[in-house]
1. If Val45 satisfies all but one of (1) loosely packed, with under 15 Cβ neighbours inside 10 Å; (2) at negative phi, what's the number of the condition it fails?
2. With the structure loaded, tell me whether Arg16 is closer than 17 Å to Leu68 by Cβ, among the charged types (D, E, K, R), in contact with a helix residue (DSSP H, G or I) (Cβ under 9 Å, 6 or more places away or on another chain) and at pLDDT 85 or above or whether it fails that test.
3. Out of (1) of a type outside the set (D, E, K, R); (2) under 19 Å from Phe117 (Cβ atoms); (3) in contact with an Asp or Glu (Cβ under 8 Å, 6 or more places away or on another chain), the odd one out for Ala188 is which?
4. Please enumerate the residues belonging to segment 143-178 that are β-branched (Val, Ile, Thr) and buried (at least 16 other Cβ atoms within 10 Å of the Cβ).
5. Evaluate segment 167-185: report whether one residue or more is modelled with pLDDT of 85 or more, of a type in the set (A, V, I, L, M) and part of a helix (DSSP H, G or I).
6. Filter segment 104-142 down to the residues that are in a loop (DSSP other than H, G, I, E, B) and either buried (at least 23 other Cβ atoms within 10 Å of the Cβ) or not charged (D, E, K, R) (or both) and list them by number.
7. With respect to Pro108, is the statement that it is at pLDDT below 80 and farther than 30 Å from Trp174 by Cα true?
8. Is it the case that segment 63-70 has a residue that's at pLDDT below 80 and buried (at least 19 other Cβ atoms within 10 Å of the Cβ)?
Amino acid sequence: MAVSDTDPLRRTLLRRAFLLLYLTIAWNALEGLVAIAAGLSAGSVALVAFGLDSSVEVLASIVVVWELHEPDRTGEPQALRLIGLGYIVVAGYVAWDTVNALTTGNRPAAAPAGIAFLAATVGVMVGLGVGKLRVGRAIDSPTVQADGRFSLVDASLAGTVMVGLVLTAVLGWWWADAVLAGLISILALREGIELWRDSVRRA
């Protein structure tokens, strides 16, 4: 969908899509930095994995912004392929880190700052995800809708990681952190493969 479309309603929807995407990029950039820093400080594999996943979502949103500027959507398959590849790379790294944490018995410390930020992330990502799904359907943009689904997945992962950190801090379940990191790896791999297949169908 071209940003140069003359239809007033379509232009309004496109501006809304860009606003939601820019807000997503800003929040996910902050999210990635905070999660990785807090994860490294506490020794939490799940927090670091979540931060890496957030970094890929920054790339995903940037690619969607770029794709929306393509008047004939010729870049849509390539955009989906780039996002999918990013998720696959993150999945591989997190899977390796998860196995390493479980085999070495890594015991993360409490991460109150990480828990608080994850709680905020759940609310922000749900709002952005729902907004992008709605505007993506309105302008018939699969990539905007895909980015909306990523935001909802991000919210789910934030909530899951937050529960894991609480269990680790309260009950001492050190293994919960690594298990949840493994879950992030599986979900990232699934998203990456689905996007790659979608890009092939649209090529």
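The values are calculated or read from the model by the stated rules, or taken from the named source; none is laboratory data. Computed from a prediction, not measured in an experiment: that's the story for all the values here. Positions of Cβ are generated from backbone atoms using ideal geometry, with glycine treated the same way; all protein chains shown enter the neighbour counts.
1. (1)
2. yes
3. Looking at each condition in turn, Ala188 falls short on (2).
4. Those that are β-branched (Val, Ile, Thr) and buried (at least 16 other Cβ atoms within 10 Å of the Cβ): Thr143, Val144, Val153, Thr160, Val161, Val166, Thr168.
5. The answer is no; no qualifying residue exists.
6. If the condition is that a residue be in a loop (DSSP other than H, G, I, E, B) and either buried (at least 23 other Cβ atoms within 10 Å of the Cβ) or not charged (D, E, K, R) (or both), then Gly105, Asn106, Pro108, Ala109, Ala110, Ala111, Ile139, Ser141 are the ones that fit.
7. When the stated conditions are applied, Pro108 does not pass them.
8. Yes, the conditions are met somewhere in segment 63-70.
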